[in-house]
Structure formats: C-alpha cells, structure tokens
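Note sheet for the following structure.
The values are calculated or read from the model by the stated rules, or taken from the named source; none is laboratory data. These figures come from a predicted structure and were not determined experimentally. Virtual Cβ from ideal backbone geometry, glycine too; neighbours counted across all protein chains shown. Accessible surface is based on the protein model in full, side chains and every heavy atom, while ligands, DNA and RNA are left aside. Shrake-Rupley method; radii C 1.70, N 1.55, O 1.52, S 1.80 Å.
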Amino acid sequence: MIRSVVKGSGSALPRRCVSNHELAETVDTSDEWIIERTGIRQRYIADDTETTASLATDAARRALEAAGVEASGVDIIVLATATPDETFPATATKVQAALGIEDCVAFDVAAVCTGFLYAISVADSLLRTGMGKRALVIGAETFSRILDWEDRATCVLFGDGAGAMLLEAEETDGQGILAAKLHAAGQHHDLLYVDGGPSTTQTVGHLRMRGREVFRHAVKNLADVLGETLEAAGLTPAAVDWVVPHQANARILDATAKKLGLDADKVVVTVDRHANTSAASVPLAFDVAVRDGRIQRGDLVLLEAMGGGLTWGAAALRY
Ligand code: ACO
C-alpha cells in the first residue's frame, strides 16, 4: 500500500525569548496567573528581520536535512498559516524561492490552529494520488503581529515559530499516515477570529477570543476526533505511543488526555516553552520530541488540533 511516510522533521524559533516576567513589565498580568491558567512560562517573538516565511524556510531546511533529501527533490509544499508574509502570493512560494526550488506545487492552507492537520491531510492525499513523490508540510506563524497587546486575556497566550515535516510516498506495510479526520463548524466564528482582513476592513486586524467557550469546545471536539481517528485506523488508545497535541493550553491537554483515558506521560507538552504558536505548534512539538529521543521510529503517534473557524482535526501515523 502507498502511504505518506514522515522522513524527517525540523523546527525554528525566533531569536528573542520573552518570559512571563518580562511580559508583566508592559502588560497588566503576572507569571503566576499565566502559569496557573495556561502552563505557559515563556514564548518566542519574531523581530523585524524574522517573518513567517523566514521561520518556515529555516524549519523546512532542518526537515530536509533530517530526511537526507535535497530541496530539488521536493514536489509539493503545503504551508499552513494564518499570518502570511503578504495577503498574496502564498507564503509557500516564498519558501520555495528561498530553498532554490525551480518548479513545484506550492500553496498555503488557512485553518488557523488546525492548519497543520489540514495541510498534512491535503499533502497525504496528493501524494497517495500520485501528484508527487515528496511533500514539505509546514506550519509557520508570527501571531505576535496580530495580537492586541492591550488585551491581556489573549496577548499572553501566543508566540511565534515554525515546524516542518518531509513526507515521502512509499510502498509500506504499516508505516506512514494511517488515518486523518478533519472538521469545521463555521457557526462558531465569533468565538475566535481576527477583526480585520483585505475584503472587510483593508487592515490585518487583531485576534479576538471568547476563551471560556473555546475551552469547552476544545476538550469535547478533540476527544471526539481522536476517538474517530483511532477507529478509522483500526486502533485503540492502548496502541498509542505518543500524542502530539496543538499546544494551546496545558489544561486543555490534561482534560483531553483524561477524557480519552490516555496516560499523561504519553502527551508531548511544549506549551510551557513555546506558548500557542497556532499552526506551527504540532510540527514544532513533534520535532522537539523526535530530537530529544522520545518519539522513535515505529512509534504510533497521534496529532491533533483545534482552532478558529472553529476547525479541528487529528491524524494517526506510524513514524
Ligand atoms: N493576567 C491576569 N488576569 C487576567 C489575564 C491576564 N493575562 N487575562 C484575564 N485576566 C483576568 C480577567 O480580567 C478576569 O478578571 P475578573 O474576574 O476580575 O473579571 C479573570 O482573569 C478571569 O478571566 P477569564 O477570561 O474568565 O479567565 P479563564 O479562567 O477563562 O482563563 C483562558 C482564560 C486561559 C484564556 C481560558 O479561557 C482558556 O484557556 N481558554 C482556552 C482558549 C485557548 O487556549 N485559546 C487558544 C486559541 S484556541 C486554540 O488554540 C484551541
């Protein structure tokens, strides 16, 4: 059977790390409040020289290196972001140019924090239908640029970064992406959105969120879609080696794992270090756990995310 196998991963963070204490110097908040409600201790914030495309390119280079693949061997680039460098063209094409790839398929996917799950599902479909042999799937964000730094309820939650995976279509007996499930419920737009855009205000806008309601939807939707994905892959929670969740909030991670009866030790947590990096958070956390030796070849890994839209999704893969 032809499946999309993860050949390598990479990630990138901006140079500047901002602790909760540093944030509390300019925002009416405290280290204690942020840690207690979210588990976040610090986040990385892009400077003027760092953009979504530059972070994405750095992450992509590291994924290519880990996979032992030349950039010229990439057929498809799918980049998930809600903070593109420009309204158009797609940031994926800037990454393509930076990597020196003369011709390939390159486009962006917008599903906010669920972006990487949408991107990897689309890339997997393209690979399995023969559109190409290798795909770079990237999640990259500079959310710091769309935050309202006067709104303490949201600005403390997010950070910038990028993560990438190199997928290759291969004849396998069990390795690769086994199942993926995606959802959207546009009727919940007002729970999490940006109050601007080219077609409405001609501005970029700022992130707005009704945190409590998002929390409630997140725990239910994520537990449901994880169960649905495991069922589609013909697996039970006991078969799972690692869950790599979207890193929104430590309390959402704990509550979701509990609901599914998953051991908390199997959940990769990076929200303390990176905060919520939206579409970048899943591949960033995956790369951290591969590089520190937790995720090993042959492990069964579940990816999951929920975000604005509302959108949510999950994927099961054998690494
Ligand atoms: N520092 C100090 N106090 C604050 C801060 C802050 N940064 N932010 C809000 N407060 C205050 C509020 O003003 C309020 O004060 P009041 O009681 O005097 O009115 C109090 O803290 C409680 O505010 P709530 O918004 O009700 O706090 P809550 O307990 O719901 O926690 C949080 C907020 C952390 C955002 C929570 O709702 C949450 O985790 N929601 C999930 C949303 C999320 O993680 N979204 C990320 C994007 S979506 C996604 O990725 C899935």
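Side notes on the structure shown:
- Area of THR172 that stays accessible when all protein chains are in place (1.4 Å probe, Å², to 10): 20 Å²
- Virtual spin-label span in nm between ARG251 and LYS133, 7 Å along Cα→Cβ: 5.0 nm
- Here the chain carries DSSP beta bridges of which approximately 70% are antiparallel, counting only pairs with both residues inside.
- Theoretical FRET efficiency, 1/(1+(r/R0)^6), r = Cβ-Cβ of ASP263 and ASP103, R0 35 Å, to 0.05: 0.15
- Annotation for region 131-177 versus region 66-94: alpha-carbon center distance of 11 Å.
- Applying a DSSP loop filter and a limit of 16 other Cβ atoms within 10 Å to the GluC sites (Glu not before Pro) in region 30-92 leaves GLU70, GLU86.
- Among 221-228, 42-49, the order from most to least packed when residues are scored by Cβ within 10 Å on average: 221-228, 42-49
- Mean Kyte hydropathy of -1.0 or more with a Cα span along the axis of at least 24 Å, helices from DSSP in the chain: 211-233
- Inter-label distance for ARG152 and GLU32, nm, one decimal - labels placed 7 Å from Cα along Cα-to-Cβ: 1.3 nm
- Measuring against 31 Å, Cα to Cα, the residue pairs LYS133/LYS220; LYS94/LYS266; LYS181/LYS266; LYS94/LYS258; LYS94/LYS181 contain LYS133/LYS220; LYS94/LYS266; LYS94/LYS258 as the ones spanning a longer distance.
- When only Cα pairs below 8 angstrom with a gap of at least 6 residues are kept, the chain shows a relative contact order of 26 percent.
- Neighbour net charge for SER281 - beta-carbon separation under 14 angstrom, K R +1, D E -1: -3
- Peptides 281-290, 295-304 ranked from most to least packed, by the mean per-residue count of other Cβ atoms within 10 Å: 281-290, 295-304.
- Rounded to the nearest 20 debye, dipole of region 66-215 from Cβ charges on Lys, Arg, Asp, Glu: 380 debye
- Contact order for region 2-171, expressed relative to its length and based on alpha carbon pairs under 8 Å spaced 6+ residues apart, stands at 35 percent.
- If R0 equals 45 Å, the separation of the Cβ atoms of ARG208 and MET1 corresponds to a calculated FRET efficiency of about 0.55.
- Label-point separation in nm, GLN296 to HIS21, each point 7 Å along Cα→Cβ: 3.8 nm
- Working ranking of peptides 104-112, 174-182 by packing, defined as the average number of other Cβ atoms within 10 Å per residue, highest first, is 104-112, 174-182.
- Modelled FRET efficiency - R0 35 Å, GLU65 with SER125, Cβ distances, 0.05 increments: 0.85
- The chain, accessible surface, carbon-and-sulfur percent (1.4 angstrom probe): 50 percent
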